[in-house]
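Accompanying notes for the structure given below.
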Amino acid sequence: MNLYTFASRSLALVAFALLSARLYAGALYFPEMSSASEAGYGGAGMVARANDAGTVLSNPAGMTRFDEPEIMAGGIGVFIPADFDTGSNNTAEGSSRGLNKRIVPAGSFAYIRPLSDRLKVGISMHNYFGLALDWDDSWVGRYSSVNVTVVAPQIQPTVAYRVNDWLSVGAGAGLTLGYLSDKMRVESIPPGGDDGKLRISDADFAVQYNFGVMFEPLESTRIGIRYMTETDLNFKDSPNLSGVTLPPPPPGFSNPSDGLKLGIKMPQQLHAAVHHQWDGKLALLGSVGWEEFSRFGKVQVGLDDTGISSTVDAGFRDVWHFGVGTEYKFKPQWEMTAGFSLDTSMSADSTRPIVIPLGTMYRYALGFKHEKRKGLILGGGLTFVWEGNMQIKDAGDVSGKYENVSIWIGSIYARWN
């Protein structure tokens, strides 16, 4: 494959795949990255909990439950071990080594301030959408990617208003700075020489809106609903190529260094959850959600000065989330949390790109909260996500599957009020 074909086809496929692989429910929105306390629940009941400042993002309407200012800050670590096994149809040369294993750090911050009995404001800083993956430089899929970084940190100001004793509404605007970086190897021209290197990177600003409703029909029960809008990230870069000498471009086709455009969507999502206080010690949680990843898989691709523009469709599917969880206060100053959730896969074996080791996710989570003193709570959580073995769509002469894929997400945090 020459580099011009590579630029107009492969780069588009790789880039949308990168952004689809957010590291931080469902396919690529990781609830554990929205707030450090979520690692103790695995996403179960997230939009109805509203018992810490993380509700600024998880459901802005939940801020009306706070009569005093609260700050919550925490650190998060993510570890993704995955091996890659080449299949019988594989003809590519290279190592079958899978992902390099390393811990990716992150963090979150949230603040709520009451302005009156009914009106509350807040702000959240988080990276709810993103991914960082490394492969060995010599692995068989090196012409797809050897290093991917996709992050979309947000600062979200929010406001909430209590309409009456049982209904609250809230809204926020996620000010998003999307960043994409992808590094891959390029086959030498003519074949047989050393691989070249190609890198693309760009940043784009977007706004993602967040709307929440909180119903409290009983003192012991609250029901939360949250909707987040679809948001476009438009990346453009002149690919940085080294180690390969280009032949003259075909007639009517500009050099790919003139610019590659990629239009990618952060999909809309709708989640609902319930939190029920069973007695003085035990609370039960449940949740269901939908994320429109079928839209995310359709990427607008263009090349400057060529008139070439098309939509690449990865054949992704919408993602569904189901979760159950619990909180148990076994001592006055100590509380344990637990959660289980299932997020369906956005892709089938026949459509899963090689750079996305993501499928159906089974989440198992445990957490704790400790009231160190009045006004200070320390907590932490650990989520284990199991995906198992996942076949990938053949990428040229590369064929195979990821084996024993799992994700570990741990957090520690502090709350002050």
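FYI, it's all coordinate maths here, none of it is from the lab. What you are looking at is a predicted structure, and each value in this text was computed from that prediction instead of being measured.
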### Query
Cα centroid distance between region 320-351 and region 141-209, in Å?
25
### Task
Tell me which residues come under 5 Å, amide H to amide H, from ARG317 once H is placed; ignore anything under 5 positions away on its chain.
SER347
### For ASP237, residues with placed amide H under 5 Å, excluding near neighbours
LEU260
### Task
Can you tell me how much longer the chain between TRP408 and GLN391 gets when fully stretched, taken as 0.36 nm per residue apart minus their C-alpha distance, in nm with one decimal?
4.0 nm
### Task
Subtracting the Cα-Cα distance from 0.36 nm times the residue separation, let me have the gained length for ASP232 to ARG118 in nm, one decimal.
37.7 nm
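Which pairs, out of LYS120/LYS281; LYS183/LYS265; LYS281/LYS374; LYS265/LYS369, put more than 26 Å between their alpha-carbon atoms? Each step should come with its number before you reach the end.
Details: LYS120/LYS281 28 Å; LYS183/LYS265 21 Å; LYS281/LYS374 19 Å; LYS265/LYS369 36 Å.
Listed pairs above 26 Å: LYS120/LYS281; LYS265/LYS369.
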#### Entry: For ALA92, residues with placed amide H under 5 Å, excluding near neighbours
SER399
### Task
Please work out how much length the chain gains when fully extended from LYS372 to PHE215, using 0.36 nm per residue of separation minus the C-alpha to C-alpha distance, in nm with one decimal.
53.4 nm
